[in-house]
Amino acid sequence: MQDVMQDKTRDKGFMGTPVRRLEDRRFMTGAGTFIDDVSLPGQAYAAILRSPHAHARIEAIDVSRARAAPAVLLVVTGPEWVAAGHGPIPTKSTVRTKRNGSPFNEPKRHCLAVDTVHHVGEAVVLVVAETKTGAEAALELIDVDYADLPAVSHQVPALGRNAPQLWPEAPGNLCLDFELGNRAAVEAAFAKADHVVTLDIANNRLAGAPMEPRGVVADYDKASDSATLWNASQNIHANREIIAQQILNIASAKVRHVAPDVGGGFGAKNCVYPEQALVLYAARQLGRPVKWIGTRSEAFLADAHGRDQVSAVSLALAKDGTFLALKVESVGNLGAWCGTIGPFTPTMGTARTQGGPYAFPALLYTARAAYTNTCQTDPYRGAGRPEATFHVERIIEHAARTLGFDRIELRRKNLIPRGALPWTTPMGLSIDSGNFAGLLERTLELADFAGFPQRAAEARARGMRRGIAVSPYLECTGGAPKEEAKVTFAANGRVTVAVGSHSTGMGHETAFTQILADKLGLPLDAIAYQQADTALTKTGGGHGGSRGMEVGGNAVLKAADDVLAKGRTIAAHLLNSRFEDIVYSHGRFSDLKTGQSLAFAEVAAAAADASRLPAGMAAGALNATVLFEREAITVPNGCHAAEVEVDPETGVVKVVGFWAVDDFGTIINPMLADGQVMGGVAQGLGQALLEEVVYDPGSAQPLTGSLMDYALPRADNVPTIVVAYDESAPTTRNPLGVKGAGEAGCCGAPPAIVNAVLDALAEYGVTHLDMPLTPQKVWRAISVATTVGQAGGF
């Protein structure tokens with residue numbers, strides 16, 4: 001790998017090369033700058049008093065003792081916050097109307113609770129002190145008189161007639177209802193179908209649990225009336241507008257918003273949170289820096305959760321197994337608020353990829369989004385696409401077993417043929433390219449499905465049960481459609497590329513540098529990388545929806561093209577040549593007719609000297625700032641397979657093999673793509689077998705408030721993952737031909753693993769289990785089935 005890094009003259013460029021991550025040396029040697037590494041002279045420290053109640057009226061707050069504490073600098077309550085004229089935290093959801101066209105119900109969520117708390121962990125009082133311990137100690141001096149109110153934690157009872165009412169603005173706790181698809185065609189298909197199967201499916205609530213907790217540092221300069229906000233965030237440009245303008249009523253130009261190195265996000269750091277505005281406000285009030293770093297316990301209570309949908313999924317089939325229609329009726333749990341994206345995930349986010357890579361002639365998705373006394377939910381890696389994949393793959397597997405179809409043949413029969421592309425689904429999703437059947441066959445080959453019976457027999461001889469399953473998936477990209485890239489040249493020849501797109505561990509520093517180095521013919525170490533700073537780029541879409549390479553990578557490519565076009569003009573001037581005769585290759589601008597040439601470094605040096613430039617060009621002429629806007633989203637897809645071993649005596653499930661064949665279009669760096677797939681698979685495995693945020697159904701108290709209670713996958717839970725790519729169908733929707741890669745594993749892994757476990761349990765008559773498939777849940781299913789069988793039940 002080091003040879004790839006150092007070879008500057010090889011014919012093959014950097015594109016498609018597994019370059020080792022440039023940023024890893026910084027991270028592995030402790031030289032990274034994460035939010036807790038940002039410390040400023042004279043900084044104060046913030047702490048947040050949070051509600052211990054899921055639903056309660058605030059009768060009184062006494063902060064007098066906290067204000068009198070010697071180290072305390074500032075105390076702010078909810079009523080004081082609102083009286084100061086600060087706005088609520090708005091949602092950016094693009095789904096904002098109900099089925100009847102009326103506006104959705106959006107409660108006003110302020111940064112601090114005003115008269116009622118709506119979930120455990122809600123911010124109630126801000127305290128700022130000279131020291132962190134002083135701020136935390138002052139929290140103990142605050143007296144809050146709460147009057148308990150009835151609480152509800154599950155979305156279905158929350159929509160019931162007798163449920164506790166959370167918000168006067170949301171009657172019946174309903175945010176909105178939603179429908180997408182062709183209802184008449186679906187109803188007609190179900191009416192004529194030879195077979196109809198239905199399954200109730202739950203997508204369990206998950207915590208993002210990034211390695212680095214959230215944190216904020218703010219500094220205010222009174223002389224310029226401007227501030228800098230450092231934030232462990234995935235999205236600094238759009239969120240700056242909300243924090244500054246919409247909440248604090250500050251012109252966004254007065255706030256520089258910066259994200260340092262960010263240790264994981266997975267969607268949870270895409271949101272606007274109260275602490276960001278509170279800390280910025282405190283810095284402005286005190287005229288000095290203020291810092292807040294969240295704890296792991298606070299993260300479980302107050303960081304956005306993901307998934308949490310319950311759905312009734314129905315499949316209509318013809319006698320020969322042809323899919324006629326799919327109908328999904330979902331209820332999503334929004335938590336106590338509309339989050340930053342809020343109702344989008346259980347509505348359009350889950351609707352648009354319904355049907356997966358199958359040729360459904362009719363699809364219908366309906367949903368209701370409910371408020372409950374739980375932490376807000378917002379996009380979590382995949383944001384609806386994993387839920388949709390789980391719907392279709394579970395119902396297909398269930399139909400095959402219930403109706404006696406071969407489960408592989410049933411899928412093979414119904415995949416969209418390659419020759420039928422481009423294809424627009426009944427949900428309006430346009431699929432321009434793909435090789436769905438080829439991916440399935442390649443996955444079956446890699447996983448050695450043909451050899452599975454022998455492996456299952458060997459496992460049975462040891463008292464174990466083996467299962468295997470395959471899961472084709474289809475998703476789509478998302479996030480903001482525009483991205484800025486800026487390339488600048490220093491006098492010493494150093495090149496800097498700055499982008500608004502944001503890495504939280506995905507390797508953008510390497511991949512974007514590869515694109516620029518490849519296009520300009522430069523060594524990787526000649527390029528410096530900058531990101532996530534509103535002072536560097538005016539526009540940025542951050543990280544989310546697997547948009548990084550699709551939008552950010554193409555922005556860098558466009559900037560490189562701009563640089564080369566200017567370079568050809570300068571080279572033509574220096575060589576007394578015609579522009580159309582100048583070509584660029586292998587780091588040199590050459591005149592095709594005269595054979596004269598200049599190295600890139602020579603042209604870059606001339607670009608810094610106005611006297612050597614053609615008329616109309618100024619010093620720095622080679623610098624480029626471009627804005628790339630995608631024409632349409634892309635459709636990543638693939639096929640995953642899992643093989644599991646189940647111990648019937650204990651219910652323990654071990655994933656013994658996992659295979660992923662993915663179509664991400666053009667692969668810029670296969671090593672980085674591997675990392676994205678493997679990380680997504682690990683998180684998908686966590687959802688399938690281990691992870692679930694649990695609230696007490698009566699009190700809505702959280703029962704999974706730490707890593708002692710919330711089971712993340714560990715190294716011994718994750719098998720060897722075999723990854724392969726099909727680059728035979730690159731998209732034509734962007735110049736690089738790339739499709740998103742970041743969320744594939746979360747789409748394919750849960751259904752593959754769950755269906756594999758149910759395959760292992762088929763002999764016991766177990767046909768369905770809701771995630772996570774914990775040892776206790778699996779053991780109980782086997783025990784119940786065995787008891788029924790012994791009693792003559794089957």
*Among the candidates LEU141, LEU73, which residue alone is in a loop (DSSP other than H, G, I, E, B) and within 30 Å of SER39 (Cβ to Cβ)?*
LEU141
*Residues of region 412-438 being out of contact with any Leu (no Cβ under 7 Å at 6 or more places or on another chain), open to solvent by less than 70 Å² (accessible area, probe 1.4 Å) and part of a helix (DSSP H, G or I), which ones?*
ASN414, ALA420, GLY438
*Of the numbered conditions (1) hydrophobic (A, V, I, L, M, F, W, C); (2) out of contact with any strand residue (DSSP E or B) (no Cβ under 9 Å at 6 or more places or on another chain); (3) open to solvent by less than 10 Å² (accessible area, probe 1.4 Å), LEU363 satisfies every one except a single condition; which is it?*
(2)
*asked:* Please go through region 90-126 and give me each residue that is at negative phi, touching a Lys or Arg at 6+ places or on another chain (Cβ under 7 Å) and among the small types (Gly, Ala, Ser), ordered by number.
replied: ALA123
*Does region 214-232 hold any residues that are polar (S, T, N, Q) and either within 24 Å of the chain's Cα centre (by Cα) or open to solvent by 50 Å² or more (accessible area, probe 1.4 Å) (or both), and which are they?*
SER224, ASN231
_Lone unmet requirement of (1) of a type outside the set (D, E, K, R); (2) closer than 26 Å to GLU122 by Cα; (3) outside any helix (DSSP H, G or I); (4) open to solvent by 10 Å² or more (accessible area, probe 1.4 Å) for CYS375_ = (4)
*Look through THR94, THR133 and report the one residue that is at pLDDT 95 or above and open to solvent by 30 Å² or more (accessible area, probe 1.4 Å).*
THR133
*For region 728-745, state whether one or more residues are in a helix (DSSP H, G or I), open to solvent by less than 30 Å² (accessible area, probe 1.4 Å), under 30 Å from SER153 (Cβ atoms) and touching a helix residue (DSSP H, G or I) at 6+ places or on another chain (Cβ under 9 Å).*
yes
*Can you tell me which residue among LEU707, LEU758 is within 30 Å of ARG442 (Cβ to Cβ) and in contact (Cβ under 8 Å) with a residue 12 or more places away in the chain?*
LEU758
*Selected residue [among the hydrophobic types (A, V, I, L, M, F, W, C), touching a residue at least 24 places away in the same chain (Cβ under 8 Å) and part of a helix (DSSP H, G or I)] from ALA565, ALA517*: ALA517
*Taking the residues in region 233-261 that are aliphatic (A, V, I, L, M) and in a helix (DSSP H, G or I) as candidates, determine which candidate is surrounded by the fewest Cβ atoms within 10 Å (Cβ to Cβ).*
ALA253
*When you go through GLU441, GLU329, GLU409 one by one, which is the residue that is in a strand (DSSP E or B) and open to solvent by 10 Å² or more (accessible area, probe 1.4 Å)?*
GLU329
*Qualifying position, being farther than 30 Å from GLY545 by Cβ and modelled with pLDDT under 95, among GLN6, GLN43*: GLN6
*Within region 603-619, how many residues are touching a residue at least 12 places away in the same chain (Cβ under 8 Å) and assigned to a loop (DSSP other than H, G, I, E, B)?*
5
*asked:* So, in region 654-667, exactly how many residues are among the β-branched types (Val, Ile, Thr) and assigned to a loop (DSSP other than H, G, I, E, B)?
replied: 2
*Does any residue of region 553-560 turn out to be open to solvent by 10 Å² or more (accessible area, probe 1.4 Å) and in contact (Cβ under 8 Å) with a residue 40 or more places away in the chain?*
yes
*asked:* Looking only at residues that are farther than 30 Å from LEU439 by Cα and part of a loop (DSSP other than H, G, I, E, B) in region 625-653, which one is least open to solvent (accessible area, probe 1.4 Å)?
replied: GLY651
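The values are calculated or read from the model by the stated rules, or taken from the named source; none is laboratory data. Keep in mind that what you see is a predicted model, and the values were worked out from it rather than measured. Cβ sites come from the backbone with ideal geometry, for glycine too, and all protein chains shown count toward neighbours. With ligands, DNA and RNA removed, areas are computed over all heavy atoms of the protein, side chains included. Shrake-Rupley method; radii C 1.70, N 1.55, O 1.52, S 1.80 Å.
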